[in-house]
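Read through the structure below, which is laid out as structure tokens, and then see the notes.
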Amino acid sequence: MFYLIMTFFAGICAGFIRRRIKAFSHVGKAVSLTVFVMLFFLGVEIGSDEHVLENLSTLGLRAFVLAVAGVAGSVILSMLLYKALFRKETENRI
Amino acid sequence: MMKGTVFTVAVFVLGCIAGWSGLADMEMFGDAGRDLPMYLLYILMFLVGISVGSNPDLKKIVKSVSPKILLLPLVTVLGTLAFSALAGILIAGYGLADSLAIGSGMGYYSLSSVLIGQLKEASAGAQLAAELGTVALLTNIFREMFTLVGAPLLCRWFGPFAPIASAGATAFDVCFPVIVRYSGDRMLPYAIVSGVVCDMSVPFLVSFFCSF
């Protein structure tokens, strides 16, 4: 994990120092390409794994619950934050 | 839904079909094939870093960050993690670290799913790793969909920060247009800062929670 995060940092530094290089404006495409290759392999692993395939509907349901939970938690806290610190400030500006 | 998400799901399903039918397996590249996903992971992290670092607006964004504005991404991450932990343990039956790893995808489904699928393999075995990767993919795709569809209601019921919090890492990405539309122009800096900070937190948090 440590080396992975260091790699991420090295990327940020390289990107920042050399940010005027034109090729870096295409780096988003390279990220997508790498992600797609890895997603394909993740798919291959899941497709050849009968245990996961049999439980796909269960996994979908779990994912749904986790997504609702993540949205609910962040939304509730953001509402409290807005009411506590930001409401006056942003509404006065209108 | 957006073209990008459809394409992502299509690639994933194609991989599933290839694996299921036996057309492709991880051994087909020989010894190098077994380590290939790991190399790809490092390349991916480096590339994501470059895209963050070379963002032409990075200086402007960093300058516009006041400590107060950072509270929004902070509570977004904390709220997501707290509720993901609860739901993951109580309903899905996963351990604390696994639930947190899935939650810390923050809507960035492509990166979080491949990170979890790869990083968990050593500690949890290939089967659980693949399962967690799949759940992370679906969870974070659902999150993006909820935000896109629910932005007007979220904004009306829970205030203008709600769609930004719900969008997580996609606040300055796929969900940006709906946020600007329903929360209003004055929420623009909040959406940008929150989106960028959540986006950057994904590689850290996911690899951190996968290390347990």
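The residue of the stretch A:33-69 that is most open to solvent (accessible area, probe 1.4 Å), among those that are over 30 Å from B:Pro56 (Cα atoms) and among the polar types (S, T, N, Q), is A:Ser57. Given the structure, is B:Ala101 in a helix (DSSP H, G or I), within 25 Å of B:Ile164 (Cα to Cα), open to solvent by less than 60 Å² (accessible area, probe 1.4 Å) and more than 9 Å from every other protein chain (Cβ to nearest Cβ)? Yes: the conditions hold for B:Ala101. Would you please name the residue that is farthest from the other protein chains (Cβ to nearest Cβ), looking only at residues in the stretch B:173-206 that are open to solvent by less than 30 Å² (accessible area, probe 1.4 Å), closer than 18 Å to B:Leu47 by Cα and of a type in the set (Val, Ile, Thr)? Once the filter is applied, the top-ranked residue is B:Val196.
Just one residue in the set B:Leu119, B:Leu137, B:Leu132, B:Leu115 is over 23 Å from A:Tyr3 (Cα atoms) and out of contact with any strand residue (DSSP E or B) (no Cβ under 8 Å at 6 or more places or on another chain); that residue is B:Leu137.
Restricting A:Ala72, A:Ala23, A:Ala30, A:Ala10 to those that are surrounded by fewer than 15 Cβ atoms within 10 Å (Cβ to Cβ) and more than 16 Å from the chain's Cα centre (by Cα) reduces the list to A:Ala23. Could you tell me whether the stretch A:1-14 includes any residue that is of a type outside the set (Asp, Glu), within 7 Å of chain B (Cβ to nearest Cβ) and not in a helix (DSSP H, G or I)? Looking through the stretch A:1-14, at least one residue is of a type outside the set (Asp, Glu), within 7 Å of chain B (Cβ to nearest Cβ) and not in a helix (DSSP H, G or I). The residue of the stretch B:149-172 that is nearest to the other protein chains (Cβ to nearest Cβ), among those that are surrounded by fewer than 20 Cβ atoms within 10 Å (Cβ to Cβ) and under 20 Å from the mean Cα position of the chain (by Cα), is B:Gly150.
Can you tell me which residue among A:Leu77, A:Leu66 is within 7 Å of chain B (Cβ to nearest Cβ), touching a Gly at 6+ places or on another chain (Cβ under 7 Å) and under 18 Å from B:Leu70 (Cβ atoms)? It would help to see each step written out before you state the result.
Details: A:Leu66 fails: under 18 Å from B:Leu70 (Cβ atoms).
One residue alone meets the criteria, A:Leu77.
Collect the residues in the stretch A:64-91 that are of a type in the set (Gly, Ala, Ser) and at pLDDT below 95, keeping them in residue-number order. So that I can check it myself, show each step before the final result.
Within the stretch A:64-91, the subset of a type in the set (Gly, Ala, Ser) is A:67, A:69-70, A:72-74, A:78, A:84.
Residue satisfying the conditions is A:Ala84 alone.
When residues in the stretch B:69-98 are screened for being over 19 Å from B:Phe158 (Cβ atoms) and more than 7 Å from every other protein chain (Cβ to nearest Cβ), 10 of them pass. Number of residues in the stretch A:16-36 that are within 19 Å of B:Ser110 (Cβ to Cβ) and within 7 Å of chain B (Cβ to nearest Cβ) equals 7. For the structure I just gave you, tell me whether B:Lys68 is assigned to a helix (DSSP H, G or I), over 25 Å from A:Leu53 (Cα atoms) and free of Cβ contacts under 8 Å to residues at least 12 places away in the same chain. For B:Lys68, the condition - assigned to a helix (DSSP H, G or I), over 25 Å from A:Leu53 (Cα atoms) and free of Cβ contacts under 8 Å to residues at least 12 places away in the same chain - is not met. Listed by first and then second residue, the pairs linking a residue in the stretch B:171-184 that is modelled with pLDDT of 85 or more to a residue that is among the hydroxyl-bearing types (Ser, Thr, Tyr), with Cβ atoms under 6 Å apart and 6 or more places separating them unless they lie on different chains, are B:Ala171/B:Ser194; B:Cys175/B:Thr147. Among residues that are surrounded by 22 or more Cβ atoms within 10 Å (Cβ to Cβ) and under 23 Å from B:Asn55 (Cβ atoms), B:Tyr94 is not included.
The values are calculated or read from the model by the stated rules, or taken from the named source; none is laboratory data. Because the structure is a prediction, the values reported are computed rather than measured. Because the Cβ atoms are built from the backbone with ideal geometry, glycine has one as well, and the counts that use them run over all protein chains shown. The protein model used for the area step is the full one, side chains on, heavy atoms only, and it has no ligands, DNA or RNA in it. Shrake-Rupley method; radii C 1.70, N 1.55, O 1.52, S 1.80 Å.
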